[in-house]
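Asks: Below: one structure in structure tokens.
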Amino acid sequence: MKNIFRTIALFSVLAILPLAGNAQCKTFAKKTCKMELLPYVHDGIYNATILSEGETVELFKTFYSGQEYRLTVCGDEKLPPIEFQVLDSDKNVLYDNKTKKFAKSWDFKLESSQMLVISIQVQTSDELSDVIAEGCVSVLVGFLNVEDSFDQN
Amino acid sequence: MVYLKNIFVVAFLGIALFFSACNNGGNNVEEQIDDSINEEEMVSDDLDKAKQVFYSLPSPIETAMLMKRAGAKYNEEFLNNIANLPNYTTTKSMALNLGVFSADLSFASMFDQSQASVKYLTATKKLAENLGILNAVEQSTVKRMEGNVNNRDSLMEIISETLMNSNSFLKENDRAEVAALILAGGWIEGLYIATKIAKSTAENKELVNRIVDQRLSLKTLNSLLEEYKTDENIKAVYEDLKKISDLYDQVEVSTSKIEMVEAKGESTTLKSKTDIQITDKVFNEICTTVDKLRNNITK
């Protein structure tokens with residue numbers, strides 16, 4: 001009986017372990033990264049994952065003409081700097097935050113609607129260490145709440 | 001005593017495992033050497049697992065704002081009737097209509113329709129609960145919305161929070177296909193409302209352009225759904241959306257190369273020109289196909 005109890009308890013602990021990292025990531029995105037978007041309104045779409053040094057993630061998103069956007073990419077403070085590039089559909093690099101001292105956010109607007117690719121890479125650490133850093137990375141998009149109408153011409 | 005010892009063993013194992021999971025340092029190099037994995041293989045493995053892909057759809061809030069700025073007028077008749085709520089009993093119908101009601105909620109809020117906003121938030125709450133999404137919309141959120149009905153920024157913040165709670169909960173609980181259905185429902189409802197408004201508006205050039213713009217996000221939506229095509233519910237929606245994709249393929253769109261214009265202290269402008277050629281026939285077919293698809297979801 002005691003062994004059954006012990007086995008159930010052990011499996012319960014093992015079952016919740018993967019969720020611990022995910023829950024941390026959600027809290028990080030909501031409490032830390034979302035603040036970087038202000039005064040832009042977060043579009044409500046949650047994009048966050050756990051990445052290690054050197055890993056890459058890509059986000060495909062349509063951005064609309066006339067809207068003003070803020071793109072924010074944040075990583076756990078234990079991670080090395082995070083590079084993000086914005087590419088057009090032909091993979092031409094439009095923006096690279098590496099040239100802006102790894103800025104977390106980029107504000108932009110478009111004259112015509114485009115599907116853009118945001119390529120995010122956790123840099124590798126220069127420090128010698130016996131561990132590979134791993135942590136949450138979140139990509140959030142916000143837009144300005146503006147009242148004016150689009151030009152109808 | 002043996003019982004206490006067992007509890008201690010389980011607790012110790014639990015704590016040890018928990019800390020190993022929380023440890024941002026993750027992989028110990030010595031262990032990797034012990035596992036006899038050579039460096040080249042490790043690099044290759046890293047590259048293989050490296051690229052994750054996210055497909056991000058326009059949120060219902062953004063779609064509602066685009067429509068308003070394009071000159072749309074509010075018409076509650078275009079929104080799904082709350083009385084249909086009890087009809088949604090399957091996972092597919094609940095998820096799709098959660099997306100539909102989220103779009104309706106965003107639309108009502110964007111046009112300062114306070115009573116309708118509270119009504120649609122309540123419907124959203126109900127469907128989220130039925131889908132087992134915990135705390136997507138808390139009772140306190142409904143009260144907050146009731147107290148902020150005249151403050152659109154607060155309403156949009158509440159909707160943004162509600163959407164984020166839902167899709168983060170589903171992704172964390174390995175129910176990403178349900179999250180994809182919700183997004184699909186919201187996208188379809190957004191396009192449906194846009195087509196209805198365009199059809200009832202005399203000066204609708206900007207609305208038509210916005211409807212044509214949706215071809216871009218439809219590609220993203222299709223890529224997202226393709227990831228879960230083994231799911232029967234997703235497969236059915238994907239095939240329905242294929243009809244709209246085929247119609248969009250008949251629209252002629254040419255876009256010039258993007259030129260970046262940076263101004264100090266201002267946001268960067270991505271300059272380019274797009275030329276859209278859509279016939280009345282194709283536009284009407286898009287409207288009819290979306291109408292049929294949406295009414296099939298909400299019935």
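Asks: Could you check the range A:43-82 and list, in sequence order, the residues that are touching a Cys at 6+ places or on another chain (Cβ under 9 Å) and either surrounded by fewer than 20 Cβ atoms within 10 Å (Cβ to Cβ) or farther than 20 Å from A:Leu94 by Cβ (or both)?
Replies: Start the filter on the range A:43-82 by keeping residues that are touching a Cys at 6+ places or on another chain (Cβ under 9 Å), which leaves A:48-51, A:72-76, A:79, A:82.
Within the range A:43-82, A:Ala48, A:Thr49, A:Ile50, A:Leu51, A:Cys74, A:Gly75, A:Asp76, A:Leu79 meet the criteria.
Asks: In contact with a Lys or Arg (Cβ under 7 Å, 6 or more places away or on another chain), at pLDDT 90 or above and of a type in the set (S, T, N, Q), is that true of A:Ser149?
Replies: no
Asks: Which residues, counting only those in the range B:266-285, are within 8 Å of another protein chain (Cβ to nearest Cβ), closer than 17 Å to B:Leu216 by Cβ and part of a loop (DSSP other than H, G, I, E, B)?
Replies: Matches in the range B:266-285: B:Ser272, B:Lys273.
Asks: Let me ask something else about it. With the requirement that a residue be within 12 Å of chain A (Cβ to nearest Cβ) and among the acidic types (Asp, Glu), what does the range B:174-183 give you?
Replies: Residue satisfying the conditions is B:Asp174 alone.
Asks: Another question about this same structure. If you go through the range B:259-295, how many residues are surrounded by fewer than 16 Cβ atoms within 10 Å (Cβ to Cβ) and either in contact (Cβ under 8 Å) with a residue 40 or more places away in the chain or among the acidic types (Asp, Glu) (or both)?
Replies: So the answer is 6.
Asks: Within the group B:Ala263, B:Ala236, which residue is small (Gly, Ala, Ser) and in a helix (DSSP H, G or I)?
Replies: Answer to the selection: B:Ala236.
Asks: Any idea which of (1) over 21 Å from B:Ala64 (Cβ atoms); (2) more than 15 Å from the chain's Cα centre (by Cα); (3) within 11 Å of chain A (Cβ to nearest Cβ); (4) basic (Lys, Arg) is the one B:Lys171 doesn't satisfy?
Replies: With (1) over 21 Å from B:Ala64 (Cβ atoms); (2) more than 15 Å from the chain's Cα centre (by Cα); (3) within 11 Å of chain A (Cβ to nearest Cβ); (4) basic (Lys, Arg) applied to B:Lys171, the lone miss is (2).
Asks: Would you pick out the residues in the range B:184-207 that are away from chain A (no Cβ under 11 Å), of a type in the set (A, V, I, L, M) and in a helix (DSSP H, G or I)?
Replies: B:Ala184, B:Ile188, B:Leu191, B:Ile193, B:Ala194, B:Ile197, B:Ala198
Asks: Continuing with this model, one more query. Considering the range A:77-87 alone, what residues qualify as being within 12 Å of chain B (Cβ to nearest Cβ) and at pLDDT 95 or above?
Replies: In the first step, residues of the range A:77-87 are kept if they are within 12 Å of chain B (Cβ to nearest Cβ); the result is A:77-80, A:86-87.
Matches in the range A:77-87: A:Val86, A:Leu87.
Asks: Restricting to the range B:118-141, and then to whatever is touching a Phe, Trp or Tyr at 6+ places or on another chain (Cβ under 8 Å) and of a type in the set (S, T, N, Q), can you tell me which residue is surrounded by the most Cβ atoms within 10 Å (Cβ to Cβ)? So that I can check it myself, show each step before the final result.
Replies: Step one: of the range B:118-141, the residues touching a Phe, Trp or Tyr at 6+ places or on another chain (Cβ under 8 Å) are B:120, B:123-124, B:127, B:130, B:133-136.
Now narrow it down to the ones that are of a type in the set (S, T, N, Q): B:124, B:130, B:135.
Values: B:Thr124: 26, B:Asn130: 15, B:Asn135: 12.
Among those that are touching a Phe, Trp or Tyr at 6+ places or on another chain (Cβ under 8 Å) and of a type in the set (S, T, N, Q), it is B:Thr124.
Asks: Within the range A:82-98, identify whether any single residue is part of a loop (DSSP other than H, G, I, E, B) and in contact (Cβ under 8 Å) with a residue 40 or more places away in the chain, and answer yes or no. Give the steps one after another, and end with the answer.
Replies: To start, the set of residues in the range A:82-98 that are part of a loop (DSSP other than H, G, I, E, B) comprises A:88-92.
Narrowing further to those that are in contact (Cβ under 8 Å) with a residue 40 or more places away in the chain: none.
Looking through the range A:82-98, none of the residues is part of a loop (DSSP other than H, G, I, E, B) and in contact (Cβ under 8 Å) with a residue 40 or more places away in the chain.
Asks: May I pose another question? So which residues in the range B:75-97 are surrounded by 17 or more Cβ atoms within 10 Å (Cβ to Cβ) and under 27 Å from A:Asn145 (Cα atoms), if there are any at all?
Replies: Once the filter is applied, which keeps residues that are surrounded by 17 or more Cβ atoms within 10 Å (Cβ to Cβ) and under 27 Å from A:Asn145 (Cα atoms), the range B:75-97 yields B:Phe78, B:Leu79, B:Asn80, B:Leu96, B:Asn97.
Asks: Select from the range B:54-97 the residues that are hydroxyl-bearing (Ser, Thr, Tyr) and part of a helix (DSSP H, G or I) and write down the one among them that is nearest to the other protein chains (Cβ to nearest Cβ).
Replies: B:Thr63
Asks: Restrict the check to the range A:123-138 and report whether at least one residue is facing another protein chain (nearest Cβ under 8 Å), surrounded by 16 or more Cβ atoms within 10 Å (Cβ to Cβ), within 28 Å of B:Glu161 (Cβ to Cβ) and touching a helix residue (DSSP H, G or I) at 6+ places or on another chain (Cβ under 8 Å).
Replies: No, there is no match, as no residue in the range A:123-138 is facing another protein chain (nearest Cβ under 8 Å), surrounded by 16 or more Cβ atoms within 10 Å (Cβ to Cβ), within 28 Å of B:Glu161 (Cβ to Cβ) and touching a helix residue (DSSP H, G or I) at 6+ places or on another chain (Cβ under 8 Å).
The values are calculated or read from the model by the stated rules, or taken from the named source; none is laboratory data. Nothing here was measured: the structure is a model prediction, and the numbers come from that model. Every residue, glycine as well, gets a Cβ built from its backbone with ideal geometry; the counts of neighbours run over all protein chains shown.
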